[in-house]
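Student: Got a structure here, written out as structure tokens. Questions coming.
The values are calculated or read from the model by the stated rules, or taken from the named source; none is laboratory data. Keep in mind it's a predicted model, so treat the numbers as computed, not measured. When we count neighbours, we look across all protein chains shown, and the Cβ atoms used for this are built from the backbone with ideal geometry, even at glycine. The accessibility values were calculated without ligands, DNA or RNA, using every heavy atom of the protein model including side chains. Shrake-Rupley method; radii C 1.70, N 1.55, O 1.52, S 1.80 Å.
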Amino acid sequence: MVFRIFAAALAAGLLSAILITALQSVTIIPLIHEAETFEVAAPTHDHTATTEHDHSESEWMPAEGMERMLYTLLANFGAAVGFSLLLIAGLTFDLPSLSARRGVLWGLAGFGVFTISPALGLPPGIPGLAAPDEQAAQLWWLATVVLSAAGLGCLVFGKTIAFKAPGLVLLALPHLWGAPPVISESLVPAYMAARFSAMSIVLGGVFWVLIGTFSSLIFARLGEASGSNQDT
Amino acid sequence: MQTKTTVAPAVTLAIDETIKARVLALIFGTVILFSVGFAYSTPVHNAAHDTRHALAFPCH
């Protein structure tokens, strides 16, 4: 079972990462590069106010062009394998109905938990967009993902109102609490930032559907191959 | 009788194995996602910069 989960996650992660990187490279990544020209050009850019920013000359960063794209592919691969591992861990509770269609549903659940819910409080931010304190944002993001996953789980798998109602509360809780306030000024045009947010959410949906489809297909296939679909 | 005594431990083993696999998947998945999306190390941040923004991990 361990081998089956990890092998499926690696293969699904690789396929999803290659496809999403190709898609990003013609959609959202040109937008990131364009936004960076505003960031660099901004005369009032204050590095001390928010966080240590990444464009200082002394720190290593990938060279523009192919190298930068390869690191993005690598990071996308890491994210895709991580998401696939979590998704397949969920699939193991759902073995009798294992299918690509079911995988897509799990992918959409991941999209809701990891993309939609956090986006309500922290809209996907283009570089240079006004943002909250980074640590506060990460903490809120993490809490939102955990609570949304628990809430969605209660809502979908709970048989009675006694499970479903707390599920709704868990889903709403991070938004009633509220995301941390924005503390910096935007350096990019609003229209560009809005396009970025919309694009990021749509690509997030595509990414999760790819991960759900490939994970479930490969995980099911590996089960057939070992002939242990029933008891593992 | 004999078949009963051999089936029971096999089922228990399969369940233990599944739980172990789930826990490992959760741990490794979380660790990988943390490195890609959250780690403060500047080289890691710079390498994963475009991914963090594109996938909407909170980033500066």
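Student: On average, how much accessible surface per residue is there in the protein assembly as shown, in Å², for a 1.4 Å probe, leaving out ligands, DNA and RNA?
Tutor: Details: 14820 Å² over 292 residues.
In whole numbers, the protein assembly as shown has 51 Å² accessible per residue.
Student: May I pose another question? Quick one: which residues, 5+ away or cross-chain, put their amide H under 5 Å from the amide H of B:L55? H built at 1.01 Å from N.
Tutor: none
Student: Let me ask something additional. Compute the relative contact order of the stretch A:66-206 as a whole-number percentage, counting only Cα pairs closer than 8 Å that sit 6 or more residues apart in sequence. Spell out each step's value before the answer.
Tutor: Details: 113 pairs, mean separation 40.8, N = 141.
That works out to 29 percent.
Student: Could you put A:Y71, A:Y191, B:Y40 in order of accessible surface area, largest first, with the 1.4 Å probe and the full protein assembly present? Numbers along the way, then the final one.
Tutor: Numbers: A:Y71 75, A:Y191 170, B:Y40 105 Å².
Highest to lowest solvent-accessible surface, that is A:Y191, B:Y40, A:Y71.
Student: With n ≥ 4 as the cut-off for DSSP H runs, can you work out [θ] at 222 nm for chain A, using -39500 (n - 2.57) per run divided by the number of residues, rounded to the nearest 500? Before the final figure, lay out the partial values.
Tutor: Details: 8 runs with 160 residues, N = 232.
Mean residue ellipticity, 222 nm, calculated: -23500 deg cm²/dmol.
Student: So between A:A194 and A:E59, what do we pick up on full extension, going 0.36 nm a residue minus the alpha carbon distance? Could you put the intermediate results ahead of the total?
Tutor: Details: separation 135, 0.36 × 135 = 48.60 nm, distance 3.00 nm.
So the extension gain works out to 45.6 nm.
Student: Could you sort A:R101, B:R22, A:R68, B:R52 by accessible area so the largest value comes first, with the probe set to 1.4 Å?
Tutor: On the way: A:R101 200, B:R22 45, A:R68 25, B:R52 0 Å².
The ranking, largest first, comes out as A:R101, B:R22, A:R68, B:R52.
Student: In whole Hz, with x marking every Gly and Pro, tabulate ³J(HN,Hα) for the stretch A:59-68 from phi via Karplus 6.51 cos²θ - 1.76 cosθ + 1.60, θ = phi - 60°.
Tutor: Along the stretch A:59-68, the couplings run 7, 5, 8, x, 5, 4, x, 4, 4, 4 Hz.
Student: Mind listing the phi-derived Karplus ³J(HN,Hα) values for the stretch A:132-143, rounded to whole Hz, using 6.51, -1.76 and 1.60 with θ = phi - 60°, and x for any glycine or proline?
Tutor: Taking θ as phi minus 60°, the curve returns x, 3, 4, 5, 5, 5, 5, 5, 5, 4, 4, 4 Hz for the stretch A:132-143.
Student: Just checking the output field for A:12-23: average partner chain Cβ neighbours within 10 Å of each residue's Cβ? Show your work: numbers first, answer last.
Tutor: Working: counts 0, 1, 0, 0, 0, 1, 0, 0, 3, 3, 0, 1.
Per residue, the average neighbour count from other chains is 1.
Student: Here's a follow-up. Which of A:G158, A:F196, B:T30 sits farthest toward the positive end of the charge dipole of the protein assembly as shown, with +1 on the Cβ of Lys and Arg and -1 on the Cβ of Asp and Glu?
Tutor: A:G158
Student: Please list, in order along the stretch B:35-50, the HN-Hα scalar couplings obtained from phi with the Karplus expression 6.51 cos²θ - 1.76 cosθ + 1.60 (θ = phi - 60°), rounded to whole Hz, x for Gly and Pro.
Tutor: Running phi through 6.51 cos²θ - 1.76 cosθ + 1.60 with θ = phi - 60° gives 5, 6, x, 10, 4, 7, 3, 4, x, 5, 4, 5, 5, 9, 3, 5 Hz.
Student: Another question, if that's okay. Using alpha carbon coordinates only, what is the Rg to Rh ratio of chain A, with Rh defined as the Kirkwood radius?
Tutor: Details: Rg = 19.8 Å, Rh = 19.5 Å.
Taking Rg over the Kirkwood Rh, I get 1.02.
Student: Here is a follow-up. Given the whole protein assembly as supplied and a 1.4 Å probe, what does the accessible area of A:S186 come to in Å², nearest 10?
Tutor: Here the residue's solvent-accessible area equals roughly 60 Å².
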